[in-house]
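Throughout, read-outs are computed from the coordinates displayed, never taken from laboratory work. What you see is a predicted model, and the numbers here were worked out from it, not measured in a lab. No Cβ is skipped: glycine too gets one built from the backbone with ideal geometry, and neighbour counts run over all protein chains shown.
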Amino acid sequence: MNVRLHRLVAQWYSIPLLLALWQIAVSSGLIESRLLPSVATVGGTLVAELADGALLYHTAVTLGRALAGFFLAALIGVPFAAAMARSSLFRNLFEPVFFFGYPVPKIALFPVFTYVFGFGTSSKVAFTFLECLYPIVVTSYFGFRGLDSRLIWVARNFGAGRLTVLRRVIVPAALPAIFSGLRVALPVSLIVVVLTEMIGDSIGLGYYITVWGTRFAFQNVYAAIVVIGACGFALDQALLVLRRRIVHWQKEPPR
Amino acid sequence: MSARSAAIQKWIIPLVVLAAWEASGRAGALPRYLSYPSVILAALWEAAADGELAQAVLASVYRVSAGFVLGTAAGLIVGVSAGLARGVRNFFDPLVSALFAVPKIAFLPVFLLLFGLGHASKIAIVGFSSFFPVFIASRHAVLSVDKTLLWAARNMGTPPRTMFFRVVIPAAAPQLLAGVRIGLAHAFVVLFAAELIGSHAGLTNLITEGENAARFDLMLAGIVAFAMLGFASDRLLLALRRRVLKGQLVGTEEQSAP
């Protein structure tokens, strides 16, 4: 018990330590509290804004957009990757789009998205979809490609039809890769939504940050950052739980 | 299927999209904000001719390279130390995992107040956001160096310095560089958003100027220039990587890849 406590302290002391230093620095007047409001102030603001519902509302907007874009990308991207891996025509057609498009900073296209889809939710969801699509397609593509062909031969030899092979051999074999693609894309979705909301919107956590930032109310900015961090953590954990249930035969890779 | 028809198929989508864009743009079937390729190229040429493009590119390149180099250096140093020393790891792990899912751009208001609207705030936020992926990859890379290599070297009496430079770093190099590449991608995304939100120079400025003057060809020229810049830097990094990893890529699929 003592050993476990000791290890817990050794592994987690830095966060409380820095928070304490922060609090001391601010309350002793070493740092101007306008730029860095004390931990207590941020905590108070966080609780007040959550209770008020304002922060909850903006969080719900941001999460909704991020998840909509993410799920769209997953629903379209995974079958797309499978098609690219299984058909050479498909692969030749779309490979350049994905492999040359991958390193292009797609954020540059966001102004065009606002013209096509307007300033509201639809441009954010469409852009999140695009940003998530790349990691999902590319990672699952390698999953579908890296398949051991003998598995398919064996299944076919035993008389499995095309659909059975797909459902019972190909998809399970590619699932670990699919999940690592999803795990890359999920935080991307959150990041991209906040980012685009900061560029221009009137709702969402990104908007919340810019608007309170320009009013120099940094306790609100930090409160929003805490909420985003918590959301990211919760989403990642949820995906890991799902992965453990679906890909129960393989341990998840460490981050 | 022959290699030639495969090569032809690879060009179909890019060419068809470009041709359709150009044709429907010329026919006036597209909304004005989409413009079309030949006009965009002309605008790019125009901006290049009067020096506006060079100025914008210089400002953006200066910001992204300074920030990226600083953030990557910090990420490599701290990440490698975290991989080597448990104390460093224990200190940084909770902080990094707490901040991992937070878009670093969320700190932009703070950086703007600290460093002003000029270059410094962009450099700082670009460095800040490229630090994280580089840290995570280097920490992991050093930790996952094959223990047999370390034991073998130690058994032969290798001094710690040689151990570090000749065993640990070369063994970790592929993963280190993978982290650097992710860091570069983050750098460009954050640069774009930071320039768009608070800036008076850089490629994004070209985009907003074109937008404000309803010169959509100029706006799209800026977008194309930014995308090309990001793409070219990634290719540069990959070329560098191939040089550094020359010996390690032998026998892998990548050796023959373009």
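Over region B:160-254, how many percent of alpha carbon pairs lie in each 5 Å bin up to the one with the longest distance?
Using 5 Å bins, I get a P(r) of 3, 12, 16, 16, 13, 10, 9, 8, 7, 4, 2, 1, 0 for region B:160-254.
So what's the net charge close to A:V154: Lys and Arg +1, Asp and Glu -1, counting the other residues with Cβ under 14 Å from its Cβ? Intermediate results must be reported in sequence, preceding the final value.
Values: positive: A:R150, A:R156, A:R168; negative: A:D148.
Value of the local net charge: +2.
Viscosity 1.002 mPa s, temperature 20 °C: give me the Stokes-Einstein translational D for region A:62-121 in µm²/s, with Rh taken as the Kirkwood radius over C-alpha pairs. Mind showing how you got there, number by number?
Working: Rh = 13.6 Å.
After rounding, the answer is 158 µm²/s.
State, in angstrom, two size descriptors of the protein assembly as shown derived from its alpha carbons: Rg to one decimal place and Dmax to the nearest whole number.
24.5, 77
What's the angle, to the nearest 10 degrees (0 to 90), between helix B:119-143's Cα axis and the longest principal axis of chain B?
The angle comes out at about 40 degrees.
Would you tell me the mean number of C-beta atoms belonging to other protein chains that fall within 10 Å of each C-beta in B:105-118, as a whole number?
On the way: counts 7, 16, 5, 6, 13, 8, 1, 2, 6, 2, 0, 0, 0, 0.
Mean partner-chain Cβ count within 10 Å for B:105-118: 5.
Per DSSP helix of 4 or more residues, -39500 (n - 2.57); summed, then divided by the residues of the protein assembly as shown. What does that give at 222 nm, rounded to the nearest 500? Present the calculation step by step, with values, prior to reporting the outcome.
Working: 22 runs with 394 residues, N = 513.
Helix contribution divided over all residues of the protein assembly as shown: -26000 deg cm²/dmol.
Helix check for chain A. Which DSSP H runs span at least 20 Å along their own axis by Cα, with a mean Kyte-Doolittle hydropathy no less than -0.5?
Numbers: long enough: A:54-86 (48 Å, 1.40); A:121-145 (35 Å, 0.77); A:171-199 (40 Å, 1.87); A:218-246 (42 Å, 1.14).
Membrane-span-like by this criterion, though nothing is claimed about a membrane: A:54-86, A:121-145, A:171-199, A:218-246.
Using a 10 Å cut-off around each Cβ of peptide B:14-20, what is the average number of partner chain Cβ atoms that fall inside? Display every interim value, and only then the final one.
Details: counts 4, 0, 1, 1, 0, 0, 0.
Averaged over the peptide's residues, the number is 1.
With no solvent and one point on each alpha carbon, what is the Debye value of log10 I(q)/I(0) for region A:1-68 at q = 0.15, 0.16, 0.22, 0.28 Å⁻¹?
Computed log10 I(q)/I(0) values: -0.76, -0.80, -0.89, -1.06.
Can you tell me what percent of all Cα-Cα pairs in chain B are more than 32 Å apart?
Details: 13293 of 33153 pairs.
In whole percent, the long-distance tail amounts to 40.
Using only the alpha-carbon atoms, how far is helix B:203-212 inclined from the longest principal axis of chain B? Give it as 0 to 90 degrees, nearest 10.
It works out to around 30 degrees.
Hey, if you put +1 on the Cβ of every Lys and Arg and -1 on every Asp and Glu Cβ in region B:67-178, which of B:I123, B:A137, B:P170 ends up farthest toward the positive end of that dipole?
The Cα lying farthest towards the positive end belongs to B:P170.
Looking at this model, which pairs from A:K106/B:K10; A:K106/B:K246; B:K122/B:K147; B:K10/B:K246 are more than 32 angstrom apart at the alpha-carbon? Walk me through the intermediate numbers first.
Details: A:K106/B:K10 21 Å; A:K106/B:K246 30 Å; B:K122/B:K147 41 Å; B:K10/B:K246 28 Å.
Over 32 Å Cα-Cα: B:K122/B:K147.
Packing-wise, with mean Cβ within 10 Å as the measure, how do B:125-136, B:173-184 rank, highest first?
Working: B:125-136: 25.5, B:173-184: 20.3.
Ranking the peptides B:125-136, B:173-184 by packing returns B:125-136, B:173-184.
Using 1/(1 + (r/R0)^6) with R0 = 60 angstrom and r between the beta carbons of B:A152 and B:E209, what's the FRET efficiency to the nearest 0.05? Don't skip to the end; give the middle numbers.
On the way: r = 60 Å, r/R0 = 1.01.
It comes out at approximately 0.50.
Run the quick spin-label model on B:A7 and B:L41: label points 7 Å from Cα toward the beta carbon, then report their separation in nm to one decimal.
A separation of 2.2 nm, rounded to one decimal place.
Rounded if a/c is under 1.5, else prolate if a/b is larger than b/c, else oblate: which is region B:1-103, with a ≥ b ≥ c the root eigenvalues of its Cα gyration tensor? Show your work: numbers first, answer last.
On the way: a/c = 2.97, a/b = 1.87, b/c = 1.58.
Prolate, because a/c is 1.5 or more and a/b exceeds b/c.
HN-Hα J couplings of region B:176-191 from phi, Karplus 6.51/-1.76/1.60, θ = phi - 60°, integer Hz, Gly and Pro as x?
Values per residue, Gly and Pro as x: 4, 5, 4, x, 4, 5, 5, x, 5, 4, 4, 4, 5, 4, 5, 4 Hz.
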